[in-house]
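To start, the structure under review is shown below, and the notes come after it.
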Amino acid sequence: MKIPESHPRYQSLMTREKIVEGIKAGIVAPEGLIAHGRGEAFDYIMGERSNEFALKAERVAVALMLISKHPVISVNGNAAILAAKELAELGEVIDAPLEVNIFHFKPERVEKIKNHLTQYTDNVLAACDAELEGLESARRIVDSRGIYIADTVLVPLEDGDRCEILKKHGKKVISIDLNPLSRTSLMADISIVDNITRAIPNMIEFAKEMGKMDESELRKIVESYDNRAILSEAIKEICKYLTKKAEEVL
Ligand code: PTJ
């Protein structure tokens, strides 16, 4: 569909089109449409911008990934279609592979996501040759060189169960989820409440700047971080934004 650039919701409609194209290409699961709609709604009531709480979490997430031994970026259908190029760049800057890991599992879709990502980087894992114990969903199927041995996993647009299991396996979890009330956001070690389309470019910039810092400095940034305070700020921002809109509408 041709969307006129003058449309006041141009950016948002273009992003929707990407998701629809992703479904047609067999990269995004049909359920990805529902997930995207939910994300859009949360984005709308937080002003569709990277708020201060998101920027703080993104900075600390980069610090944690830089000091980790095996950081891995998990990529599902929605993440691949919305931010493949940026995820590849982030992987390169922080030296982390991208691993295809999907909830609605089909080997053909794993292959399609992998091929989509390899347009931007060769550092893509998708062997599906190991399993995370304790998880029933297909997200248990991982790569033995990736999530299986990772100490830190970045999980954009995740479901709560997997986050819980990754933590039980001793891994640090960084989520990107516009819903600050989701089980994933509540359970992650670092919850980035931002749109993936803004969060990853922000993280690339932080990584370029922080790559020069020494390990003790990065460790201090991670140790002084309070994720519960960040989540609380995100929820308060929704209240503040809606209260302002309620006054403006009068
Ligand atoms: O490709 P698959 O099979 O792994 O499936 C991917 C989806 C996203 C369908 C699957 O992980 C799923 O069902 O996720 P949920 O449980 O719907 O959770 C997705 C979360 O991501 C929701 O809390 C949304 O608010 C949030 N979300 C959606 N779009 C964005 C987002 N967060 C950040 N940026 C977005 N663009």
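Only the coordinates and a few stated rules stand behind these numbers; no lab work does. What you are looking at is a predicted structure, and each value in this text was computed from that prediction instead of being measured. A quick note on method: Cβ atoms are made from the backbone with ideal geometry, for glycine too, and the neighbour counts reach across all protein chains shown.
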Subject >> Dipole of the chain, positive end: most advanced residue of Ile27, Ala207, Gln119 [Cβ charges, Cα centre] >> reply: Ile27
**OP:** Could you tell me which of Asn51, Ala96, Met14 has its Cα farthest along the dipole of the chain towards the positive end, charges placed at Cβ (Lys, Arg +1; Asp, Glu -1), taken about the Cα centre?
**Re:** Met14
Original post:
Cα centroid distance between the range 140-189 and the range 59-73, in Å?
Top reply: 13 Å
**OP:** Could I have the simple spin-label model distance between Tyr241 and Arg49, label points 7 Å from Cα toward Cβ, reported in nm to one decimal?
**Re:** 1.1 nm
Original post:
Using the scaling law 2.2 N^0.38 Å as the reference, what is the normalised Cα Rg of the range 96-207?
Top reply: 1.03
Subject >> the range 1-96, relative contact order [Cα under 8 Å, separation at least 6], % >> reply: 35 percent
Subject >> Label-point separation, Asn123 to Thr197 (7 Å along Cα→Cβ), nm >> reply: 2.6 nm
Subject >> GNM flexibility winner over the chain from Leu13, Leu82, Leu154 (Cα, springs under 10 Å) >> reply: Leu13
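Taking every pair of distinct Cα atoms and averaging 1/r, then inverting, what Kirkwood hydrodynamic radius in Å comes out for the range 23-64? Intermediate values should be presented prior to the final figure.
Working: mean 1/r = 0.0808 Å⁻¹.
When all Cα pairs of the range 23-64 are included, the Kirkwood radius is 12.4 Å.
If the viscosity is 0.692 mPa s and the temperature 37 °C, what Stokes-Einstein diffusion coefficient in µm²/s follows for the range 48-150 when Rh is the Kirkwood radius over Cα pairs? Before the final figure, lay out each step's value.
On the way: Rh = 14.3 Å.
My calculation gives 229 µm²/s for D.
Placing +1 at every Lys and Arg Cβ and -1 at every Asp and Glu Cβ, with all other atoms neutral, what dipole size does the chain have around its Cα centre, in debye to the nearest 20? Could you put the intermediate results ahead of the total?
Details: 34 positive and 41 negative charges, 77 e Å.
Using only the charged Cβ atoms, the result is roughly 360 debye.
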Original post:
Pick from Ile192, Ile147, Ile81: which is most flexible by mean-square fluctuation in a GNM of the chain where alpha carbon atoms under 10 Å apart are linked?
Top reply: Ile81
**OP:** Among the lysines, select those whose C-alpha is under 30 Å from the C-alpha of Lys114, and discard any that sit fewer than 8 residues away in the same chain.
**Re:** Lys2, Lys18, Lys24, Lys69, Lys85, Lys106, Lys167, Lys168, Lys171, Lys172, Lys208
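By average Cβ neighbour count within 10 Å, what is the ranking of 244-250, 161-167, 213-219, 73-79 from highest down? Write out the running numbers ahead of the final one.
Numbers: 244-250: 8.0, 161-167: 21.0, 213-219: 12.3, 73-79: 27.9.
Ranking, from highest mean packing down: 73-79, 161-167, 213-219, 244-250.
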**OP:** For the chain, list log₁₀ I(q)/I(0) at each q in 0.13, 0.17 Å⁻¹, using the Debye formula over Cα point scatterers of equal strength and ignoring solvent, two decimals each.
**Re:** -0.79, -1.35
Original post:
Where does the chain land at 222 nm, in deg cm²/dmol rounded to the nearest 500, when only DSSP H runs of n ≥ 4 count, each adding -39500 (n - 2.57), divided by all residues?
Top reply: -17000 deg cm²/dmol
